[in-house]
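Structure in structure tokens, see below.
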Amino acid sequence: MATIAKRTRRNVPAKITKVHAREIYDSRGNPTLEVELTTPDGTFRADVPSGASTGDKEAHELRDGGARLSGKGVAKAVTNVIDVIGPAILGQDAIDIASLDAQLCALDGTTDKSKLGANAILGVSMAACRAGAAAAGEPLYVFLNRLAGSPKMVMPMPCFNLVNGGVHAGNALPFQEFFACPTGASTFREAMQMGAETYHALKALLKEQHGLDSTGVGDEGGFAPKLSSPEDALKLIVSAVERAGLTGKVTLGCDPAASEMYDKDRGVYNLDFKKPAAEQQPENIMKGDDLVAYWVEMAGKYPLTLLEDPFDQSDFESHAKLTAQIGGNVEIVGDDIFCTNVQLVKEGIERRATNAMLLKVNQIGTVTEAIAAYKLCVEHEWGVFVSHRSGETEDTFIADLTVALGAGHLKSGAPCRSERLAKYNQLLRIEEELGADAQYAGTDFRKSGRF
């Protein structure tokens, strides 16, 4: 890495002298937490994201309840950072992230971080990483790379969320996200261009076929057209790729977020769960095996390369059946089923449930724990798909983390909305800084940590 080699790595402590927090607002207009951590090198900031479609076993996001801000305020978490965490870590070295994160977990003392709040703990963990990088005199992605054991750094394939459904949009589309995946790009910059061109081609198609009111966007910047059929969404993206002249270079992905449509009482997946009961069709009420067959059919008809959460978070059996049938060609990613948690990933590996894990730092609450889950996946040759949340901020931490881990792919929404593009634009800067050493994952995106 020629550009990086010119920097002299410092070996000085980064003693924490002050910790502060405040309530800010995310991309959905909901409150979230911002942490500021001060060392002799300056003050370093981190913003914590928040999800709408969340797994039952995610670390606990502390909210205030009550009437203020519809109960979503984070004043309690702010107080925990200032009055509990701050005094406990003053004088600690921000470079030693593993020790700091362990101290934060011990200070909370619960298995799900429900005492202090995973949002409070994560904000401190992320800000400390930035302080540690500054003390070491190196970019954040280099600091995080060493923290992860120095795997080969690569530029990830971005998975662009072009069509929104599920709980992220006000249409009848049951599946939450439909991706365009520029596997055929040669650089990250070219991948961004392919994503933008496909996005605008899709907008033109939607306007022509469904009218201007179908070009409004959902929480993550993807379009939210008046569709109810997932296959129609896949067809639209295929047509947009063709219109953009990128056939064969851009493949498809989907995050059904199937836990949202799973009827636990009946043990069925209701693909019409967003429709009134009178409009729900019997053929859209499926057992696990029916949905397995559905995805096998879709993978045979469309250039599908990635499926995230195709079944409920408790349905290990259906995940395993699908992985056994199409996992050689399609990455099956577990999100709600694993929650970036080492113990849950271990269970998934033992049951051969999927062949990849989604990594969301706020699902587990510290950077160190997220890296531990990543390492377990790499050890078993699983993919690691780094992800934003639907409630985002301008914070670009996951861009640096994805490069640091050599994770090979990430999703940060559509090439639209600044809280999404902040991450993609940071990756453009990193690629420029790495210069000739910037390898793009492309078709090898599943080789997380093994490039």
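Only the coordinates and a few stated rules stand behind these numbers; no lab work does. Since the model is a prediction, treat every value here as computed from it, not as a measurement. Positions of Cβ are backbone-derived with ideal geometry, glycine not excepted, and every protein chain shown enters the neighbour counts.
Once phi is turned into θ = phi - 60°, what whole-Hz ³J(HN,Hα) does the Karplus curve with 6.51, -1.76 and 1.60 give for every residue of the stretch 133-139, x standing for Gly and Pro?
3J(HN,Hα) across the stretch 133-139, in whole Hz: 5, 5, 5, 7, x, 9, x.
A further question follows. Would you mind getting me the FRET efficiency between Lys76 and Gln281? Use the beta-carbon distance for r and R0 = 35 Å, nearest 0.05. Can you show the working numbers first?
Values: r = 45 Å, r/R0 = 1.27.
About 0.20, to the nearest 0.05.
Identify the residues of the stretch 342-368 with backbone N under 19 Å of a label point that sits 7 angstrom from the Cα of Arg146 along the Cα-to-Cβ direction, or state none.
367-368
Sorted by average packing, counted as other Cβ atoms within 10 angstrom per residue and highest first, what order do 312-321, 252-261, 21-30 take?
Details: 312-321: 20.2, 252-261: 25.4, 21-30: 17.0.
Result, highest mean Cβ count within 10 Å first: 252-261, 312-321, 21-30.
Also, I was wondering about something else. What number results when the radius of gyration of the stretch 7-138, computed over Cα atoms, is divided by 2.2 N^0.38 Å?
On the way: Rg = 15.0 Å, N = 132, 2.2 N^0.38 = 14.1 Å.
For the stretch 7-138, the normalised Cα radius of gyration is 1.07.
Of Gly132, Tyr199, Gly65, which is farthest along the charge dipole of the chain in the positive direction, counting Lys and Arg as +1 and Asp and Glu as -1 at C-beta?
Gly132
Cross-link partners among lysines for Lys287, C-alpha distance below 16 Å, same-chain residues fewer than 8 apart left out?
Lys264, Lys321
Still on this model: Where both residues lie in the chain, what percent of DSSP beta bridges are antiparallel, nearest 5?
Values: 30 of 50 bridges.
The antiparallel proportion sits near 60 percent.
Between Lys207 and Asp83, what length comes free when the chain is fully extended (0.36 nm per residue of separation minus the Cα-Cα distance, one decimal in nm)? It would help to have the intermediate numbers written out before the result.
Numbers: separation 124, 0.36 × 124 = 44.64 nm, distance 5.27 nm.
This chain segment gains 39.4 nm when fully extended.
Let me ask something else about it. Taking the C-alpha atoms of the stretch 132-271, how large are the radius of gyration and the largest Cα-Cα span, Dmax, in Å?
According to the Cα coordinates of the stretch 132-271, Rg and Dmax are 18.4, 57 Å.
Now, a different point. Full-extension gain between Ser99 and Glu432, please, as 0.36 nm times their residue separation minus the C-alpha to C-alpha distance.
The span from Ser99 to Glu432 would gain 116.6 nm if fully extended.
Figure the gain on full extension for Thr215 and Thr17 (residue separation times 0.36 nm, minus the Cα-Cα span) and round it to one decimal in nm.
Working: separation 198, 0.36 × 198 = 71.28 nm, distance 4.88 nm.
Full-extension gain reported as 66.4 nm.
Going down the table (Lys113/Lys447; Lys115/Lys275; Lys235/Lys375; Lys203/Lys423; Lys15/Lys346), which pairs top 27 Å between alpha carbons? Please list the in-between numbers first.
Numbers: Lys113/Lys447 31 Å; Lys115/Lys275 38 Å; Lys235/Lys375 36 Å; Lys203/Lys423 22 Å; Lys15/Lys346 36 Å.
Going by Cα-Cα distance, Lys113/Lys447; Lys115/Lys275; Lys235/Lys375; Lys15/Lys346 fall outside the 27 Å limit.
Test of understanding: ordering Phe143, Phe273 by Cβ neighbours within 10 Å, fewest first, what list do you get? Numbers along the way, then the final one.
Values: Phe143 24, Phe273 17.
Lowest to highest Cβ neighbour count: Phe273, Phe143.
Relative to the longest principal axis of the C-alpha atoms of the chain, give the angle of the C-alpha long axis of helix 367-379, reported between 0 and 90° and rounded to the nearest 10°.
Tilt of helix 367-379: around 60 degrees.
Alpha carbons only, please: Rg and Dmax for the stretch 233-334, in angstrom.
Over the stretch 233-334's Cα set, Rg and Dmax evaluate to 14.6, 46 Å.
A further question follows. Given (i) 0.95; (ii) 1.12; (iii) 1.03 as candidate values of Cα Rg over 2.2 N^0.38 Å, which corresponds to the one derived from the coordinates?
(i)
What are the ³J(HN,Hα) couplings of the stretch 168-183, residue after residue, when phi is run through the Karplus curve with 6.51, -1.76, 1.60 and θ = phi - 60°? Round to Hz, x for glycine and proline.
Coupling constants for the stretch 168-183: 9, 8, x, 9, 9, 5, x, 7, 7, 9, 10, 9, 10, 10, x, 5 Hz.
Each label point is 7 Å from the Cα along the Cα-to-Cβ direction; what then is the distance between the points at Glu297 and Thr111, in nm?
4.0
Now, a different point. Can you give the net charge of the other residues whose Cβ lies under 13 Å from the Cβ of Gln280, counting K and R as +1 and D and E as -1? Intermediate results must be reported in sequence, preceding the final value.
Working: positive: Arg266, Lys274, Lys275; negative: Asp263, Asp272, Glu279, Glu283.
Surrounding charge for Gln280 is -1.
Another one. Report the far tail of the P(r) of the stretch 10-86, meaning the percent of Cα-Cα pairs longer than 14 Å.
Working: 1946 of 2926 pairs.
I get 67 percent for the Cα pairs in the stretch 10-86 exceeding 14 Å.
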